[in-house]
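Written out below as structure tokens is the structure these notes cover.
What follows is calculated from the coordinates using simple rules that are stated; it is not laboratory data. Not measured: the values here are computed from a predicted model. Cβ atoms come from the backbone with ideal geometry, glycine included; neighbour counts cover every protein chain shown.
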There are 4 protein chains.
Amino acid sequence: MLNQPRRHRQTQPGDWVQLTAVRGHRFFFVRLTPGERLHTHKGIVEHDALIGLPWGSRITTHLGVPFYVLPPSLSDILRETKRRTQILFPKDIGYILLRLSVGPGTHIIEAGTGSGALTTALAHAVGEHGRVYSYERRAEMQALAKANLALWGLEARVTFHLHDIAQGFFEHDVDALFLDVPTPEAYIPQVRNALRPGGFFGALVPTTNQVSRLVAALEAHGFAFVEVAEILLRFYKPVPERLRPTDRMVAHTGYLIFGRPVLEPPSPPQEDA
Amino acid sequence: MLNQPRRHRQTQPGDWVQLTAVRGHRFFFVRLTPGERLHTHKGIVEHDALIGLPWGSRITTHLGVPFYVLPPSLSDILRETKRRTQILFPKDIGYILLRLSVGPGTHIIEAGTGSGALTTALAHAVGEHGRVYSYERRAEMQALAKANLALWGLEARVTFHLHDIAQGFFEHDVDALFLDVPTPEAYIPQVRNALRPGGFFGALVPTTNQVSRLVAALEAHGFAFVEVAEILLRFYKPVPERLRPTDRMVAHTGYLIFGRPVLEPPSPPQEDA
Amino acid sequence: MLNQPRRHRQTQPGDWVQLTAVRGHRFFFVRLTPGERLHTHKGIVEHDALIGLPWGSRITTHLGVPFYVLPPSLSDILRETKRRTQILFPKDIGYILLRLSVGPGTHIIEAGTGSGALTTALAHAVGEHGRVYSYERRAEMQALAKANLALWGLEARVTFHLHDIAQGFFEHDVDALFLDVPTPEAYIPQVRNALRPGGFFGALVPTTNQVSRLVAALEAHGFAFVEVAEILLRFYKPVPERLRPTDRMVAHTGYLIFGRPVLEPPSPPQEDA
Amino acid sequence: MLNQPRRHRQTQPGDWVQLTAVRGHRFFFVRLTPGERLHTHKGIVEHDALIGLPWGSRITTHLGVPFYVLPPSLSDILRETKRRTQILFPKDIGYILLRLSVGPGTHIIEAGTGSGALTTALAHAVGEHGRVYSYERRAEMQALAKANLALWGLEARVTFHLHDIAQGFFEHDVDALFLDVPTPEAYIPQVRNALRPGGFFGALVPTTNQVSRLVAALEAHGFAFVEVAEILLRFYKPVPERLRPTDRMVAHTGYLIFGRPVLEPPSPPQEDA
């Protein structure tokens, strides 16, 4: 499982292992079980051949395709999580976790669950004593997310709700709340009801029109320290003698909005403030 | 303390509280203790006046300056941590935590400690069962970082070493290792010796020349999946009717380099790969 | 004058010269006239001392401050032009000229004139056989722009109108038209009336709300090939051994919108088109 | 031809016309000649059917594909110019023209010619009284560029040299010089010999290593005001109610380096200057 790194030099039965292709970053995620067998389109691997290996070893499938035997990587898992229309990228997730002060013990609500990419990162970060409450209206998306979380061994930390958040959240006084839904501005009263005063609110929306509407709603409902940002991630070709950015990049995933509900909000911010 | 959110509706003795100015984001960080008094250049606040308040309340100092009573924010703390020459910003720290799969239980080395900004974020993320080993050569910087970590109540999770990493690290088989030093390429054999095979390596350097040297060193010492990236964070003025980016932004903090030590590395990547 | 580079190796009476400080890029722009004298806050320079010098020479004022004797630079002039609230930067101007196909012989309208930065670049580009029609409502801004254009020797190519464009433009069938006004969406019928069908329209607005309104107006009035873009210019410290971006940059000047009026417009673009 | 906009309301024999597809931006460029016929993969168009039309009209090919009848667009032409390996984009070309103060009457050298994209923009900008000297070593590239320039009607303004610039340039005292070659740092003495003192030098290189080498060469050969920059162009989906950046963008074309040869250069710049 992601959150239980083992520090033996060799892999052992029960270890969660990420087999990553030497070329192309494609990977498989398995829990080592004597006698089992992993079937992939790149060939078959016997679990027994993976047990007792030094971490970082290179193995090949029965078709001769080489893979590394690695501890699981959270960012690889996030990239792999089957994408929905509105994608949360690692670049955004890392900043969201930080801005919402998510850490061991945090109780956090998210909506919607989607395919579970953010859910995975949250479950990883809150640890065994924290809790993730994840809301979704589409049963098939929830099923997909549950399967993903189970695959990474993190399902026990998540409470999944199949529920329309327009009806409100079931929890109260959570530490943080994140909305990844098309009309976050429509649920701000519900958010205030679920999020502890002084807690951390965040949302991601893809268009500038949505940003304007959400910022207005936050101001109307007593949120202070409202912040709007976007994160651009630029990769370089890692060639020492010809270092340069890659030719193309992801130009936009969404705008991030943050704020904190307070009891007596400040008067609306001035443009020049 | 950052990692122990309390879910009472009112503040209690022993709670860690962040007093944040209603205007300007300036804040003070205190542990509520009956009878104590906080002295700031914005005025004095009696702890007793802060105990028993609903979270999110607005109070004023004896000079009439208004503050909110809030749960501590990790990103505010990181912004506040006294800066050294080479700055790690929240935008970079969030991505580093994710790429290195840092979470509850992780054992991680960092060098140098500097003023302790990354140390704080790491100590927050690894929880009570994880461990941060932080190396620094300058005694005065280490003292500053120790004071910062103590201020946030996170010092028990960190082992501080006053040590030149050219002599090697004291730990072995840690899960992850991050270098924020001027010549990271000089310490890659030491890194390999301390980091478990398959573990997570990361570094930040400000210049392209350093990137080239570090990537070459990683390739020479058996690191796979070497990645070079930079993160740009762009803020918007949160005014619904006149939404626009701020006029100026931080254009550069540093380049981030990641890689994973493996036992049989691939042949060097081709430029077109 | 900007558009009449002389190819003598030595400066001559009547030459336009840019004196640029060796340190700090501050410059003065003079037309060499025997017997005249340039007074600056960095000291006095006799024109006679500048005549007959090789281009690129280094001279000093009577206070000992060193300057280079250079052919005038359009981009330096644009940076220097006294700024109004809504600034057109060289990065935007270069792209505007290209996208509007401005070159020798072009007839172009701009509104508003402002301090004349874009006017200068347009007058430079259209040459002696082209024409710039520049509209402004504020007499004092027009006076400033006229003074600037006269300083650069380009005033003969510009027709200045002190006029509210809500009343329409005086010209018809111009090749291109650029709006740098707060509510460009309000003048699109007037634009259609002045711009030849198939001609080039452009505008710059600072906020996303203005972009939405202008794009809607262009679609409503038969413009094809509508394009919205922004240009980010990032500078590097030119130090070969420590190459890196500057720490801070201009994050936003405005959004650029382009389109071409056609006789039978396409049906409105689909979002996925 | 690009530089001779005609201001008749209807197209006439001899006019240069750009037929642009209503959907998809594909275009054809023709000089209207009675009796001629344009063959395209979207169908056939008789020139006679194009003569006497209002500019901006919509016509269809014999296959029913709709096109607009437009004045030629420089930026469309630049995008269309058959690309070589190292691409100059409109975003870079616009800034280059401005930084090099290229306008009517300018004499400028470029190397290498490549497919002629920059050559086209330069020939457009310098007008009938300016001159472009374009160097290339590969005969087939030069042939392609000549064909492109002839297509746009601009070939008379360009002198093409099939020549290795390591042997020096044939011209002296040109106003500006631009290098788009793999090792610009190797030709700086030749550049100094061809470019007037105080003139404008520019170059584009794709890697940071090349930037370092070129900046060092410029400093070693007496160039002042050395500047390194890159331009990022970000497009938005032009949908008023859902305004947002496109999902992906060109992340890198190259770094732009500028400088001016002077007679007594300043001492090398300090990093903190």
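Using only the alpha-carbon atoms, what does chain A span along each of its principal axes? Please give whole angstrom values in decreasing order.
That works out to 66, 47, 33 Å along the principal axes.
How about the range A:73-173: which trypsin sites (Lys or Arg not before Pro) there are in a DSSP loop, with at most 16 other Cβ atoms within 10 Å of their Cβ?
Taking the range A:73-173 and a limit of 16 other Cβ atoms within 10 Å, the loop trypsin sites (Lys or Arg not before Pro) found are A:K82, A:R83, A:R137, A:R138.
Considering every Cα-Cα pair within the range D:16-72, what fraction, in whole percent, is farther apart than 17 Å?
Of all Cα-Cα distances in the range D:16-72, 24 percent exceed 17 Å.
Which GluC sites (Glu not before Pro) in the range A:26-98 sit in a loop by DSSP (not H, G, I, E or B) and have at most 12 other Cβ atoms within 10 Å of their own Cβ?
Filter output for the range A:26-98: empty list.
Quick one: compute the contact order of the range D:19-148, relative version, from alpha carbon pairs under 8 angstrom and 6+ residues apart, as a percent.
This gives 17 percent for the range D:19-148.
Could you work out the relative contact order of chain D, using alpha carbon pairs under 8 angstrom and six or more residues apart, expressed as a whole percent?
Once normalised by length, the contact order is 13 percent.
Can you give the local net charge around D:R26? Use residues other than it whose beta-carbon is closer than 12 angstrom to its beta-carbon, Lys and Arg +1, Asp and Glu -1.
+1
How far apart, in nanometres, would the label points at A:H62 and C:H221 be if each is projected 7 angstrom from Cα along the Cα-to-Cβ direction?
Between A:H62 and C:H221, the simple spin-label model gives 7.1 nm.
Quick one: Kirkwood hydrodynamic radius for the protein assembly as shown, alpha-carbon pairs, angstrom, one decimal?
For the protein assembly as shown, inverting the mean 1/r across all distinct Cα pairs yields 32.0 Å.
Under 19 Å Cα to Cα from B:K146, which aspartates and glutamates show up? Leave out anything in the same chain fewer than 8 places away.
B:D76, B:E80, B:E110, B:E128, B:E136, B:E155, B:D164, B:D180
Give, as a single signed number, the net charge of other residues whose beta carbon lies under 11 Å from the beta carbon of B:T119, with Lys and Arg counted +1 and Asp and Glu -1.
-2
Tell me, what ³J(HN,Hα) does each residue in the range B:132-148 have, in order and in whole Hz, if you take phi through Karplus 6.51 cos²θ - 1.76 cosθ + 1.60 with θ = phi - 60° and put x for Gly and Pro?
For the range B:132-148, the Karplus curve yields 10, 10, 10, 9, 7, 9, 9, 4, 5, 5, 4, 4, 4, 5, 4, 5, 5 Hz.
I need to check one value: relative contact order of the range C:16-72, counting alpha carbon pairs closer than 8 Å and at least 6 residues apart, in percent.
Reported relative contact order: 38 percent.
What value, in deg cm²/dmol to 500, does the helix sum -39500 (n - 2.57) over DSSP H runs of n ≥ 4 give at 222 nm once divided by the residues of chain B?
Value at 222 nm, helices only: -6500 deg cm²/dmol.
Of B:P240, B:A194, B:T207, whose Cα points farthest to the positive end of the dipole of the range B:75-261 (charges on the beta-carbon: +1 Lys, Arg; -1 Asp, Glu; origin at the Cα centre)?
B:P240
So if we plug the beta-carbon distance of A:R79 and A:I44 into 1/(1 + (r/R0)^6) with R0 = 25 Å, what FRET efficiency do we get, rounded to 0.05?
0.50
By the scheme Lys and Arg +1, Asp and Glu -1, what is the net charge of all other residues having a beta-carbon under 11 Å from that of A:V45?
With Lys, Arg at +1 and Asp, Glu at -1, the net is -1.
Quick one: what are the phi-derived ³J(HN,Hα) couplings along the range B:191-205, Karplus 6.51/-1.76/1.60 with θ = phi - 60°, whole Hz, x for glycine and proline?
Calculated HN-Hα couplings, in order: 4, 4, 6, 9, 9, 4, x, x, x, 10, 10, x, 7, 10, 9 Hz.
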